[in-house]
Amino acid sequence: MQVRRSFSLILLVTCLLVTGCTTSPDPSQTADRSPSASPAPVTAEDLAAGENPSGVDVQVDGASQVVFRRITLSPGAGTGEHCHAGQLIAVVERGALTHYAPIYPEGKHIYTTGDAIVEGAGYIHHGVNEGADDVVLLVTYVIEAGEPLAQTDLMKCDR
């Protein structure tokens, strides 16, 4: 229950920051400000936004770690086969990522700029930049505390 409550709080704060909850105050609802006062007490910058046609349900048993990361894959580079001890939510900021995983009917899916990627726990997968330009991903990991963000010892993954 504590993990779910903590994660809910993290999601709420993240949503407030990402959606720009307060980018410019309504002048009719603010007190007079001195000339040296900041124009807005909170600012937010959308780093990326993506859409996923499926629902998102994040569940990590026990204590968890949350990490935000920008990953850049050069043309021809790949992540290598791995799995996660939790979940990953990402947005393709730029480029096209070919994602190989058993969750797709054809065994792979190509994510392009603006797409959201949701990876569940346990299954083996890998991503490859098969294009001519860099692929840039903005990634949020919600992983069991103490576990690596990407598990490369495939014996520890679901088979």
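Within segment 128-150, residues that are free of Cβ contacts under 8 Å to residues at least 24 places away in the same chain have Cβ atoms under 7 Å from residues that are open to solvent by 40 Å² or more (accessible area, probe 1.4 Å) in no pair, counting only partners at least 6 apart in sequence or on another chain.
Just one of the listed residues (Y104, Y111) is without any contact (Cβ under 8 Å) to a residue 24 or more places away in the chain, more than 17 Å from P148 (Cβ to Cβ) and in a strand (DSSP E or B), and it is Y111. The residue that is farthest from V56 (Cα to Cα), among those in segment 113-159 that are of a type in the set (A, V, I, L, M, F, W, C) and in contact with an Asp or Glu (Cβ under 7 Å, 6 or more places away or on another chain), is L154. Number of residues in segment 140-159 that are assigned to a loop (DSSP other than H, G, I, E, B), open to solvent by less than 40 Å² (accessible area, probe 1.4 Å) and not aliphatic (A, V, I, L, M) equals 1.
Yes/no matrix, rows are residues, columns are (1) within 26 Å of A145 (Cα to Cα); (2) surrounded by 12 or more Cβ atoms within 10 Å (Cβ to Cβ); (3) within 13 Å of the chain's Cα centre (by Cα):
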position	(1), (2), (3)
V42	no, yes, no
P53	no, no, no
R69	yes, yes, yes
T72	yes, yes, no
H82	yes, yes, no
E93	no, yes, yes
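The values are calculated or read from the model by the stated rules, or taken from the named source; none is laboratory data. The model shown is predicted, which means the values in this text are computed figures rather than measured ones. Methodologically, a virtual Cβ is constructed for each residue, glycine included, from the backbone with ideal geometry; neighbour enumeration extends over all protein chains shown. Please note that ligands, DNA and RNA were not included when accessible areas were found on the heavy atoms of the full protein model with its side chains. Shrake-Rupley method; radii C 1.70, N 1.55, O 1.52, S 1.80 Å.
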